[in-house]
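Here the structure comes first, spelled out in structure tokens, and everything after it is commentary.
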Ligand code: HEC
């Protein structure tokens, strides 16, 4: 038994000695490098010259607006919908311009209307199709009174059974959607005082003209309201 064991161990020991034996010895020859493994690549080192560019530098300046990894200001009210103290942002940080509303309308109709309905009345196809989901209408008093930040937060993180859309919808677009939801709410809850006098006159004129025409079915409350949001 002892004999056989040493017969196995001896060649092993020899092999190990051959592989490690050169440690500490100096050689003028380049090391043997059988597997290159992409160890040698064509590349420019930092600060190296590169005649390809007019300024001769290999280093390029980052594109304007570049944010270094980890340096994104992620805790601003714009990003989270909450003030520094934790309270929900009351008023949309985006200005309520026509462009913002049109963008919000476009995104809302893509991402939210399937459930919440084009008019925000929760009559989207997913809700009416008998799938067992129930979304609230935006036209109830609680949601009329809710902060803009609440809508932003729900759109970002979800709410009970509703999934969040932070991964699909960029921050500014989520605020644009909030602005548009406010317009939808207004569209079902407008007060006379919300309109300038000339528009009131126009509306009343139109109403009497329509009545004279005789075939005036009341326009459906759920008609998409956005085209008239200015
Ligand atoms: C897949 C269907 C679906 C989509 C799409 C959807 N929601 Fe919802 N949403 C729901 C459901 C369901 C609820 C009610 C959740 C609950 O209370 O269980 C809800 C609730 C809400 C609420 C009310 C929260 C509260 O205070 O009660 C808001 C606001 C809201 N969603 C905004 C949005 C916005 C904005 C979008 C588009 C970015 C969106 N939702 C897309 C299904 C959806």
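In table form, for the structure just shown:
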{"item": "Estimated distance in nm for a label pair at residue 29 and residue 191, the labels positioned 7 Å out from Cα along Cα-to-Cβ", "result": "9.4 nm"}
{"item": "Fewest-first sequence of 133, 175 by Cβ atoms within 10 Å of each Cβ", "result": "133, 175"}
{"item": "Residue order, fewest to most beta carbons within 10 Å, for 177, 32", "result": "32, 177"}
{"item": "Solvent-free Debye scattering, log10 I(q)/I(0), computed from the Cα coordinates of segment 122-176 at q = 0.12 Å⁻¹", "result": "-0.31"}
{"item": "Cα-based radius of gyration of segment 44-187 once divided by 2.2 N^0.38 Å, which approximates compact folds", "result": "1.42"}
{"item": "Segment 77-187: relative contact order in percent, alpha carbon pairs under 8 Å with at least 6 residues between", "result": "35 percent"}
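Computed from the coordinates by the stated procedures, all read-outs in this text should not be read as laboratory data. This structure is a prediction, so every number in the text was calculated from the model and none was measured. Cβ sites come from the backbone with ideal geometry, for glycine too, and all protein chains shown count toward neighbours.
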